[in-house]
Each structure stands twice: as structure tokens, then as C-alpha cells.
Amino acid sequence: MICGNILAISSNNMQLKSKTQNLLNKIYKKKFGHKDLNLKFHDFSDSLKLMELLVEIEKNTKKKFNPSKIKTIKDVNNLF
């Protein structure tokens, strides 16, 4: 029970990482903050910009990731 509360507290205090912020600023030319972590890409982006973002993520990370799992800014933040 305590572990669940600790997990909830840590996920609420999650900050936007600098790599994620720089990547989003580069692609969308807009500033994003930690309040925007739950924004879904289909709410503010078109498919071309999303594909651009996925290509940049692939260049910047050395990890394998599933592009269909990238739905929110929080998902991108977790990759870095």
C-alpha cells in the first residue's frame, strides 16, 4: 500500500527532461513545460510533425522503441 502511494507521488512530480524539451522546441517551435506532460500529440500536432518527431527520437536515442506507444509527451520523456 505504501509503495503504491510513493509511486503515485513520484509520477506526479515528474519533470520534463531537457533533451525532451529541446527536441519538442526544435520540432514544434513551442515551449513545453512539466504541466504539458499529459498532452496527446493528436491534440496539437499533425501526422507529418509526429513523423518528424519520431525520426528525431530515433536519431537521438540509442534504444529501440515502439512508435505506436508514443501518444503523449510523457511517453517521449520516458525514452530519455
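We did not get these values from a lab; they are worked out from the coordinates using the rules stated. This is a predicted model, so every value here is computed, not measured. All Cβ positions, even for glycine, are placed from backbone atoms using ideal geometry, and neighbour counts span all protein chains on display.
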Once phi is turned into θ = phi - 60°, what whole-Hz ³J(HN,Hα) does the Karplus curve with 6.51, -1.76 and 1.60 give for every residue of region 65-72, x standing for Gly and Pro? 9, 9, x, 6, 8, 7, 10, 10
Where does the Debye-calculated log10 I(q)/I(0) of region 14-80 sit at q = 0.17, 0.21, 0.23, 0.24 Å⁻¹, using only Cα point scatterers of equal weight, no solvent? -0.52, -0.83, -1.03, -1.14
Based on the Cβ-Cβ distance from residue 68 to residue 19, what FRET efficiency comes out when R0 is 22 Å, to the nearest 0.05? 0.55
